[in-house]
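Shown next, in structure tokens, is the structure this report addresses.
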Amino acid sequence: MKSRKFVCVDVDGTLLDFQGALKSYFSDKGIDYKSEKVTSYNFDGKIGCKKKDVYAAINETEFYKHLKEFNNAITALDKLQDAEVTTLAYTASVVNSEIYKKKCCFINRHHMPGIPYIGKKPVIKDAAALFDDCLEVHKEWIEQGYEGKLYLIDAPYNRECNNKNIDIQWEKIIRCDSFADAVNDFLAVI
């Protein structure tokens, strides 16, 4: 079956609760990680631990056992796929081969073409939409001249008040409370 359209779907922070996983992972280590205090995508803020501890955690296989799906995220993904929209995996990975394999397994299990990117994710201009929680990714797509739908999944680290140093065209971004809300909006306009 050939899809009419394809969209780019981020995984961590969009389908999977990355901040919740960090909170759970650090809790097991006796650290009170404060996800609500993260003020930027690179873990700035008074978060209850050092930034280097977060980067160390996301490079450990043990951390990924804590990742859980957001409520209704997979149902929404299925809804897109049922509407014959190809859901291209648009996610990054650390270099650790075990973690890379785990991410590939998640992508394959949910029938998403694509593989995790190592390093910077590319701008894919012919996508009908981007669903991502990283404001900087949206900014890059805008700067590269992308004209499709840009869905920013809301989180404390991507709100305008916390990103005053980011010069961005906010009118081009559709902020949604969840991936499920973004999917409903997208499906209503295609």
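The values are calculated or read from the model by the stated rules, or taken from the named source; none is laboratory data. Small disclaimer: the values here were computed from a predicted structure and weren't measured. Neighbour counts are summed over all protein chains in view; Cβ atoms, including those assigned to glycine, are modelled from backbone coordinates with ideal geometry. Just the protein is used for accessible areas: all its heavy atoms, side chains included, with ligands, DNA and RNA removed. Shrake-Rupley method; radii C 1.70, N 1.55, O 1.52, S 1.80 Å.
Values computed for the structure shown
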read-out: Identity of the residue in the stretch 50-94, in a loop (DSSP other than H, G, I, E, B) and among the hydroxyl-bearing types (Ser, Thr, Tyr), that ends up farthest from Val123 (Cα to Cα); value: Thr91
read-out: Selection within the stretch 21-53 - crowded, with 16+ Cβ neighbours inside 10 Å and closer than 26 Å to Leu150 by Cβ; value: Ala21, Leu22, Ser35, Val38, Thr39, Ser40, Tyr41, Phe43, Gly45
read-out: Residue list for the stretch 102-147, filter: part of a loop (DSSP other than H, G, I, E, B) and loosely packed, with under 15 Cβ neighbours inside 10 Å; value: His111, Pro113, Ile115, Gly119, Lys120, Pro122, Lys125, Asp126, Gln144, Gly145, Glu147
read-out: Residue count, the stretch 46-96 (criterion: aliphatic (A, V, I, L, M), touching a residue at least 60 places away in the same chain (Cβ under 8 Å) and out of contact with any strand residue (DSSP E or B) (no Cβ under 8 Å at 6 or more places or on another chain)); value: 2
read-out: Residues being within 22 Å of Ser93 (Cβ to Cβ) and either among the charged types (D, E, K, R) or touching a residue at least 12 places away in the same chain (Cβ under 8 Å) (or both) - total across the stretch 16-42; value: 16
read-out: Top-ranked residue in the stretch 70-101 [being open to solvent by 90 Å² or more (accessible area, probe 1.4 Å) and among the charged types (D, E, K, R); ranked as farthest from Leu16 (Cα to Cα)]; value: Asp82
read-out: Glu60, sole failed condition from (1) over 21 Å from His138 (Cβ atoms); (2) surrounded by 16 or more Cβ atoms within 10 Å (Cβ to Cβ); (3) of a type in the set (D, E, K, R); value: (2)
